[in-house]
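Colleague: Below is the structure I would like to discuss, written out as structure tokens.
The values are calculated or read from the model by the stated rules, or taken from the named source; none is laboratory data. All of these numbers come straight from a predicted model, not from anything done at the bench. Here the Cβ is made from the backbone with ideal geometry for all residues, glycine too, and neighbour counts use every protein chain on show. These accessible areas exclude ligands, DNA and RNA; they are computed on the full protein's heavy atoms, side chains included. Shrake-Rupley method; radii C 1.70, N 1.55, O 1.52, S 1.80 Å.
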Amino acid sequence: MEVQETRVQTDRIWTIPNLLSMARLLGVPVFLWLVLSPVFGGPKMDGWALLVLAASGVTDYLDGKLARRWNQISALGRILDPAADRLYILSTLVGLTWREILPLWLTALLLARELMLLVAVWLLDRHGYAPPQVNFLGKAATFNLMYAFPLLLLSDSSGWLGSLAAIFGWAFAGWGTALYWWAGILYVVQVRRLLTADATAD
């Protein structure tokens, strides 16, 4: 079910929530560089990469909470927030797959879901509709994956910590992937109903 937003949306750009989302976006290439450093002969900097991921998770929580509390929900924020989520997921998939921590089939499964949503958004845009708001299920899926990825990165270390991180990381990855697809299918159903109603009205 889509989460209905009752507060007024504004066209403001320079709000604290938007600045937090922008900071998250700036962290994406930094995170990818840290993860891929050992692939290109550099030092292993997984600890720093985990800190960047943790910071992105905190700012992801704060930008939405502050936007609602301070009535700073904006059209730009509705674009930046999900864009940052998807870019972090994409960069993590690239990094962990390149490092052979994630199997190719899981990466392909998650990317196929993203491609499905891109087509849905494109169809909405062609008919003059803005993308629907992110629903609770989609946010829950993202949170599960954002827990899974740092744990799987940590699982690349040796010892009991790496083994424990692998167990919990794969659990979150499984739940996150299932929820991610479930949310995506609901999104497509919502888009289909909207476009069908539009065609009927014509």
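Colleague: Over the chain, what percent of the accessible surface lies on carbon and sulfur atoms, probe 1.4 Å?
Modeller: Roughly 70 percent of what the probe reaches on the chain is carbon or sulfur.
Colleague: Binning every alpha carbon pair distance of the stretch 30-130 at 5 Å from zero, what are the percents per bin?
Modeller: 2, 11, 16, 18, 17, 16, 11, 6, 3, 0
Colleague: Cα atoms only, the chain: Rg and Dmax in Å?
Modeller: 18.1, 64
Colleague: Sticking with this one: Skip the ligands, DNA and RNA, and give the accessible area per residue of the stretch 12-51 with a 1.4 Å probe, whole Å².
Modeller: About 57 Å² of surface per residue is accessible.
Colleague: With a 1.4 Å probe and every protein chain left in place, tell me how much accessible area I79 has, in Å² to the nearest 10.
Modeller: 110 Å²
Colleague: Moving on to the next point. For the stretch 52-202, with every protein chain kept in place, what is the accessible area per residue (1.4 Å probe, Å²)?
Modeller: Accessible surface, normalised per residue, equals 54 Å².
Colleague: L26 to D198: FRET efficiency via 1/(1 + (r/R0)^6), r the Cβ-Cβ distance, R0 30 Å, to the nearest 0.05? Let's see the in-between values first.
Modeller: Values: r = 38 Å, r/R0 = 1.25.
Between L26 and D198 the formula returns 0.20.
Colleague: A follow-up question, please. So what are the three principal axis dimensions of the stretch 82-142 from its Cα atoms, in whole Å, longest to shortest?
Modeller: 41, 21, 16
Colleague: After finding the eigenvalues of the alpha carbon gyration tensor for the stretch 89-202, what semi-axes result from the square roots of 5 times each, listed largest first in whole Å?
Modeller: Numbers: eigenvalues 241, 34, 17 Å².
Over the Cα atoms of the stretch 89-202, the semi-axes work out to 35, 13, 9 Å.
Colleague: Report, as a whole number in µm² per second, the diffusion coefficient that Stokes-Einstein gives for the stretch 150-191 at 25 °C and 0.890 mPa s using the Kirkwood radius over alpha carbon pairs.
Modeller: In µm²/s, the coefficient is 216.
Colleague: Compute the acute angle (0 to 90°) between the alpha-carbon long axis of helix 160-201 and the principal axis of greatest extent of the alpha-carbon atoms of the chain; round to the nearest 10°.
Modeller: With rounding to tens, the tilt is 20 degrees.
Colleague: Run the simple label-point estimate for L161 and L123 please: 7 Å along Cα→C-beta, distance reported in nm.
Modeller: 4.7 nm
Colleague: Does the stretch 8-57 come out rounded, prolate or oblate by the C-alpha gyration tensor, with a ≥ b ≥ c the root eigenvalues, rounded set by a/c under 1.5 and, if not, prolate when a/b is larger than b/c and oblate if not?
Modeller: prolate
Colleague: Explain nothing, just compute: Karplus ³J(HN,Hα) = 6.51 cos²θ - 1.76 cosθ + 1.60, θ = phi - 60°, for every residue of the stretch 98-107 in order, whole Hz, x for Gly and Pro.
Modeller: Couplings: 4, 7, 6, 8, 9, x, 4, 5, 5, 4 Hz.
Colleague: Taking θ = phi - 60°, what integer Hz values does the Karplus form 6.51 cos²θ - 1.76 cosθ + 1.60 yield along the stretch 135-144, in sequence order, with x for Gly and Pro?
Modeller: After applying 6.51 cos²θ - 1.76 cosθ + 1.60, I find 8, 4, 5, x, 5, 4, 4, 4, 4, 4 Hz.
Colleague: At 222 nm, what helix-only mean residue ellipticity would the chain give, in deg cm²/dmol to the nearest 500, using -39500 (n - 2.57) for each DSSP H run of four or more?
Modeller: Calculated from helices alone, the mean residue ellipticity at 222 nm is -27000 deg cm²/dmol.
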